[in-house]
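Engineer: There's a structure below that I have some questions on.
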Amino acid sequence: MNLSGKKVLVMGLGIIGGGLETVKWLLKQGAKITITDLRTKKELNPSLEKLKNFSINPVRNSSTDSCHKKGQRRSRSCGSDYLNKKTSVKFLNGVKYILGKHRPQDFKSADLIIKNPAVRNSSPFLKIALENQVPVTTDINLFFEQYPGQIIGITGTKGKSTTTTLIYQILKKSGQKVNLGGNIGFSPLKFLNNKVKKDSKMILELSSFHLENLQKGPEIAVITNLFPDHLDRYKTFNEYIEAKKIILKKQSKNGIAILNYDNKQSRQLNSCCQGKIFWFSKKPFSKKDGVFLKNQEIYFRQNNRLKKICSVARIKILGEHNLENILAAVCVVCILKIKLQTIQNFLNDFSGIANRLELVRIFKGVKYYNDTAATMPEAAISALKSFNKPVILICGGADKNLKFQEFARYIKKYGKVVILLPGTATPRLKSQILKLKFAKQIFEVKNMKEAIIAAQKNAKTGDIVLLSPGCASFGLFKNEFDRGKQFAKIIKNLK
């Protein structure tokens, strides 16, 4: 796709980094960019500041750009005209910003629209684009169209980031040319350049939002599990599952699908698979290919050949849910024929990733864990079950129309003290806890600082303080990572 001189509308710059990397890549292609976002200049400032001094050497087709000749390099920068108006402004490199609103005319006049994953397909502005025959795509689709190497896509409700990180780091340790992107970090377009060769691999974490518009599936697709989630976006659990299925439906007949045999909804997806299926399970299975657990040992089977990988006793990372993530990752790297010793050495050293049961600090004998990525009740339940003693739990937040009855039962079982963050879901969660006649203390706080003060006052040597909200973050925080960042910062500054 030659984007040089094309009018490209980026719908949603965002603040996590995906939109930022998409814009940078488009600038390098020589596209004429308009960025439109419902957020204000103040809200988008982290991304805007990073674009402010961004300089590029555009990649242009010589037949369409007479100014770009062989041996001649040209650099452009956003420069001093940076956001000197409230809504629309042209930078020196020609990028236009429409902030705090969307305008119908921008969706009519574009040659191409790249939408942020958070934008719903039902948006009236996307309807305007389609009515005017303006194509709509995503950064993920652009990447799939042009990446020459192998793509491994990981999705699911829980465990995506840990599984993605495990696969990436094991491959990296083995000396493979590998990059990491998608929902876990940067837009994969960041890595689309002339240095990428056919032997390169891209490890992509993909949310259901990414999958809704997917046009091509990855060579290897992993679904960690399926539970009700994002029911503020999807009308039913089945509608959410349909979005997840797309990663399998878009694979070719040569594709490989890796599914969780222990998760009923995941197990039922085998009928959607176009190619070969591998399974992972915490219980032994016969005949099927995949990874399973037997007598606390991890095994991999392929074409009736069985290989022992390692003992569970040597794995450091906490939680039964993380054992599932390890099994899924091991299945991928075994299929890719990574040396056994490399896999064993890595699993013996791996202790988890940021924001997911992350031990932030031990202060005055109290362990503080950051599990901010637990944005749904099932994820917070898994975190609670990872400890063999009651915990001081910081939870609550914004509503995604999920059910809290089961979460409340585990809070009663594992909670020593409950500290509730403000948000639209918190009253419903509190109501469920009180219905169970929770006899211990419940504190309602206004912000993260108050939450940690309450936790400190009630913690004794040997206690565990766990941030595992079981709810979304919007409202009080920019996103779940901001929530975790605030938690970690305050904990590290305790004196």
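The values are calculated or read from the model by the stated rules, or taken from the named source; none is laboratory data. What you see is a predicted model, and the numbers here were worked out from it, not measured in a lab. Cβ sites come from the backbone with ideal geometry, for glycine too, and all protein chains shown count toward neighbours. With ligands, DNA and RNA removed, areas are computed over all heavy atoms of the protein, side chains included. Shrake-Rupley method; radii C 1.70, N 1.55, O 1.52, S 1.80 Å.
Engineer: Is there a residue being assigned to a loop (DSSP other than H, G, I, E, B) and closer than 27 Å to Lys216 by Cβ anywhere in segment 301-309?
Structural biologist: In the first step, residues of segment 301-309 are kept if they are assigned to a loop (DSSP other than H, G, I, E, B); the result is 303-304.
Subsequent filtering for residues that are closer than 27 Å to Lys216 by Cβ retains none.
No, there is no match, as no residue in segment 301-309 is assigned to a loop (DSSP other than H, G, I, E, B) and closer than 27 Å to Lys216 by Cβ.
Engineer: Further question: So, Leu130, is that one open to solvent by less than 60 Å² (accessible area, probe 1.4 Å) and either in contact (Cβ under 8 Å) with a residue 24 or more places away in the chain or in a helix (DSSP H, G or I) (or both) or not?
Structural biologist: no
Engineer: Would you check if there is a residue in segment 304-322 being at pLDDT below 95 and within 23 Å of Pro117 (Cβ to Cβ)?
Structural biologist: The answer is no, given that none of the residues of segment 304-322 is at pLDDT below 95 and within 23 Å of Pro117 (Cβ to Cβ).
Engineer: Residues being among the hydroxyl-bearing types (Ser, Thr, Tyr) and touching a Ser or Thr at 6+ places or on another chain (Cβ under 6 Å): count how many of those fall in segment 191-239.
Structural biologist: Result for segment 191-239: 1.
Listed here are the residues, each with its yes/no results for (1) open to solvent by 30 Å² or more (accessible area, probe 1.4 Å); (2) assigned to a helix (DSSP H, G or I); (3) at pLDDT below 85.
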| residue | (1), (2), (3) |
| --- | --- |
| Leu9 | no, no, no |
| Gly19 | no, yes, no |
| Thr36 | no, no, no |
| Arg60 | yes, no, yes |
| Ser63 | yes, no, yes |
| His68 | yes, no, yes |
| Ser80 | yes, yes, yes |
| Asn84 | yes, no, yes |
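Engineer: Exactly one condition in (1) within 21 Å of Gly415 (Cβ to Cβ); (2) touching a strand residue (DSSP E or B) at 6+ places or on another chain (Cβ under 8 Å) is false for Gly365; which is it?
Structural biologist: (2)
Engineer: Just to verify a result, which residue in segment 150-190, among those that are over 20 Å from Cys331 (Cβ atoms) and open to solvent by less than 10 Å² (accessible area, probe 1.4 Å), is farthest from the chain's Cα centre (by Cα)?
Structural biologist: Leu189
Engineer: Continuing with the same structure: So, of the residues in segment 403-458 that are among the small types (Gly, Ala, Ser) and farther than 26 Å from Lys364 by Cβ, which turns out to be most open to solvent (accessible area, probe 1.4 Å)?
Structural biologist: Ala439
Engineer: Test of understanding: among Phe278, Phe346, which residue is of a type outside the set (A, V, I, L, M) and touching a strand residue (DSSP E or B) at 6+ places or on another chain (Cβ under 7 Å)? Show your work before the answer.
Structural biologist: Numbers: Phe346 fails: touching a strand residue (DSSP E or B) at 6+ places or on another chain (Cβ under 7 Å).
The match here is Phe278.
Engineer: State all residues of segment 147-198 that are under 24 Å from Asp262 (Cα atoms), in a helix (DSSP H, G or I) and polar (S, T, N, Q); if no residue qualifies, say none.
Structural biologist: Answer for segment 147-198, where residues must be under 24 Å from Asp262 (Cα atoms), in a helix (DSSP H, G or I) and polar (S, T, N, Q): Ser161, Thr162, Thr163, Thr164, Thr165.
Engineer: Just name the residue that is nearest to Ile315 (Cα to Cα) out of those in segment 387-401 that are touching a Leu at 6+ places or on another chain (Cβ under 6 Å) and modelled with pLDDT of 95 or more.
Structural biologist: So the residue we want is Val391.
Engineer: Across segment 38-54, what is the total count of residues that are surrounded by 15 or more Cβ atoms within 10 Å (Cβ to Cβ) and acidic (Asp, Glu)?
Structural biologist: Counting residues in segment 38-54 that are surrounded by 15 or more Cβ atoms within 10 Å (Cβ to Cβ) and acidic (Asp, Glu) gives 1.
Engineer: Mind checking which residues of segment 211-231 are open to solvent by 20 Å² or more (accessible area, probe 1.4 Å) and closer than 23 Å to Thr137 by Cα?
Structural biologist: Glu212, Asn213, Gln215, Lys216, Glu219, His230
Engineer: State the number of residues belonging to segment 347-361 that are open to solvent by 60 Å² or more (accessible area, probe 1.4 Å) and over 17 Å from Ala328 (Cα atoms).
Structural biologist: 3
Engineer: Now, a different point. What pairs come up if the first residue lies in segment 38-55 and is on the phi > 0 side of the Ramachandran plot, the second is open to solvent by 60 Å² or more (accessible area, probe 1.4 Å), and their beta carbons are under 6 Å apart, counting only those six or more places apart or on different chains?
Structural biologist: Final answer for the pair search is none.
Engineer: Look at segment 178-204 and say how many of its residues are of a type outside the set (A, V, I, L, M) and closer than 21 Å to Ile326 by Cα. Show your work before the answer.
Structural biologist: Within segment 178-204, the first condition is being of a type outside the set (A, V, I, L, M), and the residues that meet it are 179, 181-183, 185-188, 190-191, 193-195, 197-201.
Subset that is closer than 21 Å to Ile326 by Cα: 179, 181-183, 185, 201.
Selection size over segment 178-204: 6.
Engineer: Additional query: Test each condition in (1) touching a Lys or Arg at 6+ places or on another chain (Cβ under 7 Å); (2) free of Cβ contacts under 8 Å to residues at least 60 places away in the same chain for Phe404 and report the one that comes out false.
Structural biologist: (2)
Engineer: Same structure again: What about Thr162, is it in contact (Cβ under 8 Å) with a residue 40 or more places away in the chain and in contact with a Leu (Cβ under 8 Å, 6 or more places away or on another chain)?
Structural biologist: Answer is no for this residue.
Engineer: Further question on the same structure: Any residue in segment 227-246 that's at positive phi: show its pairings with residues that are aromatic (Phe, Trp, Tyr) at Cβ separation under 9 Å, as long as the two are six or more apart or on different chains.
Structural biologist: Sorted first by the residue in segment 227-246, then by its partner, the pairs are His230/Phe209; His230/Tyr240.
Engineer: Can you tell me which of (1) within 25 Å of Leu323 (Cβ to Cβ); (2) open to solvent by less than 20 Å² (accessible area, probe 1.4 Å); (3) not in a helix (DSSP H, G or I) is the one Lys400 doesn't meet?
Structural biologist: The failed condition is (1).
Engineer: Looking at segment 247-296, which of the residues that are of a type in the set (Val, Ile, Thr) and over 17 Å from Thr157 (Cα atoms) is surrounded by the most Cβ atoms within 10 Å (Cβ to Cβ)? Lay out the reasoning, then the answer.
Structural biologist: Within segment 247-296, the subset of a type in the set (Val, Ile, Thr) is 247, 256, 258, 277, 291.
Remaining after also requiring over 17 Å from Thr157 (Cα atoms): 256, 277, 291.
On the way: Ile256: 22, Ile277: 17, Val291: 29.
So, considering only residues that are of a type in the set (Val, Ile, Thr) and over 17 Å from Thr157 (Cα atoms), the one surrounded by the most Cβ atoms within 10 Å (Cβ to Cβ) is Val291.
Engineer: Could you tell me which residue of segment 459-491 is nearest to Asn183 (Cα to Cα), considering only residues that are of a type in the set (D, E, K, R) and either open to solvent by less than 20 Å² (accessible area, probe 1.4 Å) or touching a strand residue (DSSP E or B) at 6+ places or on another chain (Cβ under 6 Å) (or both)?
Structural biologist: This residue is Arg483.
Engineer: Taking the options Ala118, Ala110, name whichever one is small (Gly, Ala, Ser) and modelled with pLDDT of 95 or more.
Structural biologist: Just a single option satisfies the conditions, and that option is Ala110.
Engineer: Would you confirm, using the coordinates I've provided, whether Asp232 is modelled with pLDDT under 95 and more than 21 Å from Ala383 (Cα to Cα)?
Structural biologist: Numbers: modelled with pLDDT under 95: yes; more than 21 Å from Ala383 (Cα to Cα): yes.
Yes: the conditions hold for Asp232.
Engineer: If you scan segment 379-397, which residues turn out to be part of a loop (DSSP other than H, G, I, E, B) and open to solvent by less than 10 Å² (accessible area, probe 1.4 Å)?
Structural biologist: Gly396, Gly397
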